[in-house]
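The values are calculated or read from the model by the stated rules, or taken from the named source; none is laboratory data. If you're wondering where the values come from, they're calculated on a predicted model, not measured in any experiment. Cβ sites come from the backbone with ideal geometry, for glycine too, and all protein chains shown count toward neighbours.
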Amino acid sequence: MFRGSLSIRSANAFKRNQTPAEAFSHSPGNYDWQAMLARAQSLPANKRRKFAADAMDRYNNEERDFLARQLTDTAYLARIARQYLEVICPRNQIWNNSGQLTALLRNKWGLNRQLSDSGIKNRDDHRHHAIDALVIALTDRPLLQKVATASARADHEQLDQLIDHMPEPWNSFHATVAQAVSRIVVSHKPDHGPEGALHNDTAYGVVDTDAKGVSTVRHRVPLDSLDSEDKLAAIVDPLLRSQLQLATRGADKGKAIKALLEAYSKAAGVRRVRVEERLRVIAIKDRTDKIYKAYKGDGNYCYEIYRLDNGKWDGEVITSFEANQRNYKAFRKDVEEFQKQSIRGRSLVMRLSTNDTIAIDENGVRRLLRVVKLGEGQIALADLHEAGALKERHNDPKDHFRYVLKSPAPLQKLEARQVWITPLGYVHDPGFKP
């Protein structure tokens, strides 16, 4: 037997943002509060308590407790770290820095300009963590006492600046820090596991496949998603295609076309249409080796770069689906064995997965790059220190960052090779020529 609860729309509108007790406890109009309470007794406890007179006070207290927990999480982690360090260090030589104090000192010492010309902390550079670590390392007891004294004076005298002048810890401080920051090698943990989604959820019907493995496929999509002329041209039904092109003629792409499509959908009762496109898909075959549907690969496992008989480099993307097939050779951690592998009769140069690191030579100078994403025909690379949402930064004309996009042939000219970086930042580069 199903047991649930219903709410009349007019009652819900009358209640608005009030608790049930605030809205109905005085039984306004045709509402019977005692009858409501009787019906509420059949609800689960977490819902039943919302009908109590103190429901709003209880909610506000719980919300404040939640916010307080979020604000004290960092302090809690600092206390745990201190307890851990007390095992090997004297207790009177361990203290916790707040994030506010670290930001204050970093700004007063001018360290924000190490990674940014604006004087604002640059979170798009992983090395800002190292600068924070430097500030914490330089925060000793006398400095903490000075900041505490200045803070008390600021509260008393309403000073705009907490600390008017903060002397540098030593002469040539900024030059020393700049030199150290320039030598930092950021370590990224590569992902060599083939686990993950093998394909997306959309099933495609295959019409044909060319010699390069690209198929003509068909599938259904919501009508209002075809918000451009190119998308409308992909509709399979010629009559429906011409009707929709005529109905949206002259409209700008996007919201204008979508509004016209919604009007057509309501009038004609058409909500989804079949479209045709060219894709590289994963074919699913029956026992007679006949393709009966296909899926689009949802992720790439690695990019294999190999040497052809003529000595030139070429390569291909290995999808997560292919990497999980029985006949695929797993990743080899041993460097010498890895270089000797032969894949499908071709000499393997390197197999690159996301967050792997390669080295290239630019005018005699080694440059280390991280594999950010893998695409058909090219690899997107970035300098190791680049952080943040790299795709959005790449597409932002105001951001200096751009992917380094390379295919196997240009990488061969740059003498590219795979390198390994330890968590401490030591580079293992067998092909490095000082």
Output the number of the condition that ALA103 fails; it satisfies all remaining conditions of (1) small (Gly, Ala, Ser); (2) loosely packed, with under 11 Cβ neighbours inside 10 Å; (3) modelled with pLDDT of 75 or more; (4) closer than 30 Å to THR139 by Cβ. (2)
Quick one: which of TRP95, TRP109 is surrounded by 11 or more Cβ atoms within 10 Å (Cβ to Cβ), of a type outside the set (Val, Ile, Thr) and at pLDDT below 80? TRP95
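Can you report the number of residues in region 5-24 which are in a loop (DSSP other than H, G, I, E, B) and modelled with pLDDT of 75 or more? Explain how you work it out, then say what you get.
First, the residues of region 5-24 that are in a loop (DSSP other than H, G, I, E, B): 5-8, 16-19.
Now restrict to residues that are modelled with pLDDT of 75 or more: 18-19.
Adding up the residues that qualify gives 2.
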Out of all the residues in region 129-142, which are in a loop (DSSP other than H, G, I, E, B) and more than 16 Å from GLN100 (Cβ to Cβ)? ASP140
Residue in region 381-392 that is free of Cβ contacts under 8 Å to residues at least 60 places away in the same chain and over 25 Å from ARG123 (Cα atoms) present: no
Can you pull out every residue in region 299-323 that is touching a helix residue (DSSP H, G or I) at 6+ places or on another chain (Cβ under 7 Å) and assigned to a loop (DSSP other than H, G, I, E, B)? GLY299, LYS312
Is there a residue in region 127-149 that is at pLDDT below 80 and within 19 Å of THR176 (Cα to Cα)? no
I need a count of the residues in region 169-195 that are of a type in the set (Val, Ile, Thr) and part of a helix (DSSP H, G or I). 3
Any hit, region 115-128, residues being more than 23 Å from the chain's Cα centre (by Cα), in a helix (DSSP H, G or I) and surrounded by fewer than 18 Cβ atoms within 10 Å (Cβ to Cβ): no
Of the criteria (1) farther than 23 Å from LEU384 by Cβ; (2) among the small types (Gly, Ala, Ser); (3) crowded, with 17+ Cβ neighbours inside 10 Å; (4) at pLDDT 85 or above, which one ALA359 fails: (1)
Quick check on region 164-194: of everything there that is in contact (Cβ under 8 Å) with a residue 12 or more places away in the chain and of a type in the set (Asp, Glu), which residue is surrounded by the fewest Cβ atoms within 10 Å (Cβ to Cβ)? GLU168
Please give the number of the condition ILE80 fails out of (1) hydrophobic (A, V, I, L, M, F, W, C); (2) surrounded by fewer than 11 Cβ atoms within 10 Å (Cβ to Cβ); (3) at pLDDT below 80. (3)
Out of the residues in region 382-434 that are touching a helix residue (DSSP H, G or I) at 6+ places or on another chain (Cβ under 9 Å) and among the acidic types (Asp, Glu), state the one that is surrounded by the fewest Cβ atoms within 10 Å (Cβ to Cβ). ASP399
Need pairs with beta-carbon distance below 8 Å; first residue among the charged types (D, E, K, R) and within region 18-44, second outside any helix (DSSP H, G or I); sequence gap 6+ or separate chains. ARG39/SER5
Are there any pairs, at least 6 apart or on different chains, whose C-beta atoms fall under 8 Å, with the first in region 400-415 and within 12 Å of ILE360 (Cα to Cα) and the second assigned to a loop (DSSP other than H, G, I, E, B), and if so, which? LYS406/LEU414; LYS406/ALA416; GLN412/LYS312; GLU415/GLY431
